[in-house]
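Note sheet for the following structure.
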């Protein structure tokens, strides 16, 4: 029996049931899909394309899968991915942020010896629990991620220009939380139990994987009512988000280090191609950062305190989940 499920429709619950790993306040769990292209001889790929028979190329995929399987079998399975020439993806059970830090160790200890690589078509998708999120909060995330002026930042966080075919990026409003139905979008809202962040590039670096999951956790918590006021969010959300990460760098160490190495702190311009050697260790698969997308972030002190994460905050403020902020007001952040 193959270690890679040949159906790309397979669901993690069909393999693991309702298994979750870790403990999380507010029931926040994250499921990851990590896509890879298998190193396959060109002549084998050409034969498969000409004959429509994938048998031979799947032999190379199976060999790679056997090397990976023992390192992930406790928390993930592998299935076919049709977006490349000979791809598969690793799909995890829902796990807490801290569980992801522990569970991936074996995989990243052996991945350099596995004949797989990351192409620009290889994505990393993060599913986040929807249960604790309000429509207004999801709307704020839409505005933050899709704002045209934030595109350089989202490009850096994602490690690539989000491919339109798999992660469209047209501007969104808060009211789109109930209307956004495009599945292959940077933030997919069509699943009943999760929201799906789809703009990340896949990776063979544990630091990058954790940075991506930390971003998802941080933007969810940053957009919760009571953390950053709505008016401030509209006016200067990206700078306040950067300050929020700095304030909580013990919780988001990989995300903070990533942003710090790109000089998002201190008001300095992001380093471009000639400086890239200084950050190769942390950005092994990222494209060169073009001068066109270089940006300058000025950190401004907020006029109200940004709260650090507090496990008991919602217990102390049960009504904050339904504040007057949750109106149908719509705006575009252009």
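What follows is calculated from the coordinates using simple rules that are stated; it is not laboratory data. All values derive from a computational prediction rather than experimental measurement. Glycine gets a Cβ as well: all are built from the backbone with ideal geometry, and neighbour counts include every protein chain shown.
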Full extension between residue 70 and residue 250 adds, at 0.36 nm per residue less the Cα distance, a length in nm of 61.7 nm
Going 7 Å from the Cα of residue 120 in the Cα-to-Cβ direction, what parts of segment 198-222 have a backbone nitrogen less than 20 Å from that spot? 198-205
Over the alpha-carbon set of segment 103-176, work out the extent along each principal axis and list the three values in angstrom, largest first. 47, 28, 20
Hey, could you pull the Cα Rg and Dmax for segment 1-78, both in Å? 16.0, 52
Order the peptides 180-188, 108-116 from the highest to the lowest mean number of other Cβ atoms within 10 Å of their residues. 180-188, 108-116
Be a star and scan segment 115-138 for residues whose amide nitrogen sits under 19 Å from the point 7 Å along the Cα-to-Cβ vector of residue 13. 126-133
Please give the FRET efficiency for residue 53 paired with residue 191, using the beta carbon to beta carbon distance and R0 = 45 Å, rounded to the nearest 0.05. 0.85
Rounded to the nearest 0.05, what FRET efficiency is calculated for residue 130 and residue 43 with R0 set to 35 Å and r the Cβ-Cβ distance? 0.15
Starting from a Cα-only point model with no solvent, please compute log10 I(q)/I(0) by Debye for segment 137-244 at q = 0.16 1/Å. -0.71
Report the Stokes-Einstein translational diffusion coefficient (µm² s⁻¹, integer) for segment 27-178, Rh taken as the Kirkwood radius over Cα pairs, at 37 °C with viscosity 0.692 mPa s. 186
